[in-house]
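A.B. asks: Sending over a structure as structure tokens; questions will come in a sec.
The values are calculated or read from the model by the stated rules, or taken from the named source; none is laboratory data. Here the structure is a predicted model, which is why all the values come from computation and not from measurement. For neighbour counting, all protein chains shown are included, and Cβ atoms are generated from backbone atoms with ideal geometry for every residue, glycine included. Only protein heavy atoms, including side chains, enter the accessible area calculation; ligands, DNA and RNA are left aside. Shrake-Rupley method; radii C 1.70, N 1.55, O 1.52, S 1.80 Å.
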Amino acid sequence: PPQVAQRSFNEYNLYEIARPVTVGDNETKQVEFVTGTNVPAHTYYVYNGGQQFYGYYGPITDPGYGLTGITDVQNYLAFSTGEEEGLGADLPAGRIRVYQEDVDGSALLIGENQIDHTPEGETVDIFLGNAFDLVGERKQTNFVLIADNVLEETYEIRLRNRKEDETVEIRVPESLFRWSNWEIISASHDYTKTDSSHIEFRVQVEPQGETVITYTVRYTWPR
């Protein structure tokens, strides 16, 4: 039987240890709440090189706004807490550490972060840090104020993979930050509109290769 029983109480979860636990003087002891094996997990990469988006307050016509110089590509690990994926448990908030087996069988820490209370059946996304051998470069290649209420600009995003033998998928979220009325008039790759102010590209980058994304967006606002 499980050593720790979990049950709901109002809007909380209670964890009851079903056996005595002895804690000695000046001792810290950890009690295992949840265990699972062969839980599918996957890593993915994100290049978010644009300006953080805080909402629309008025048309932004400054050509230099949104240029950040960010080149880091972020590394994430994702898994589900659902029963069909092998875990079938709620996870309380706290620190989570991720280890990977090395060639000699030892477990090496590859990242740690904080997670929130996560109910069963939800996805946990853990930011592990910046990828060492992936590089992003984002620059504005065109900016035209066509009229006093129409603006077009073009961005070029270069993604380089310096890994020796691994093709990676990199997600590229882009904020359409200048005004709420926007239209993508051309794009080199397929994209998904994730909400009213963001789109996302997902592209494959070959080992020792480079993938270039370009897109042009048109903004219009009332006179």
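A.B. asks: Consider a paramagnetic label point 7 Å from the Cα of Y15 along Cα→Cβ; state which residues of the stretch 96-125 have an amide N under 12 Å from it.
C.D. replies: Label zone hits: 96, 117-118.
A.B. asks: For E169 and N26, what is the calculated FRET efficiency with R₀ set at 41 Å and r taken between the beta-carbons, to the nearest 0.05?
C.D. replies: 0.25
A.B. asks: Once Cα extents along the principal axes in Å is worked out from the coordinates, which option in (i) 53, 40, 37; (ii) 47, 40, 31; (iii) 75, 47, 37 does it equal?
C.D. replies: It is the one labelled (iii).
A.B. asks: Same structure, new question: Given +1 on the Cβ of Lys and Arg, -1 on the Cβ of Asp and Glu, and no further charges, what dipole in debye does the chain carry about its Cα centre, rounded to the nearest 20?
C.D. replies: Values: 17 positive and 36 negative charges, 147 e Å.
The dipole of the chain has a size of about 700 debye.
A.B. asks: For an R0 of 35 angstrom, estimate the FRET efficiency from the Cβ-Cβ distance between E183 and T68 and round to the nearest 0.05. Write down the numbers at each step before the final one.
C.D. replies: On the way: r = 24 Å, r/R0 = 0.67.
Between E183 and T68 the formula returns 0.90.
A.B. asks: Of L176, L108, which has the most accessible area with a 1.4 Å probe, and how do the rest follow in descending order?
C.D. replies: L108, L176
A.B. asks: Hey, can you rank 57-68, 157-168, 96-107, 190-201 by average C-beta count inside 10 Å, highest first?
C.D. replies: The packing order, highest mean first, is 157-168, 190-201, 57-68, 96-107.
A.B. asks: Return the FRET efficiency for the residue pair F132, Y54: r is the Cβ-Cβ distance, R0 is 45 Å, and the value is rounded to the nearest 0.05.
C.D. replies: Using R0 = 45 Å, I get an efficiency of 0.90.
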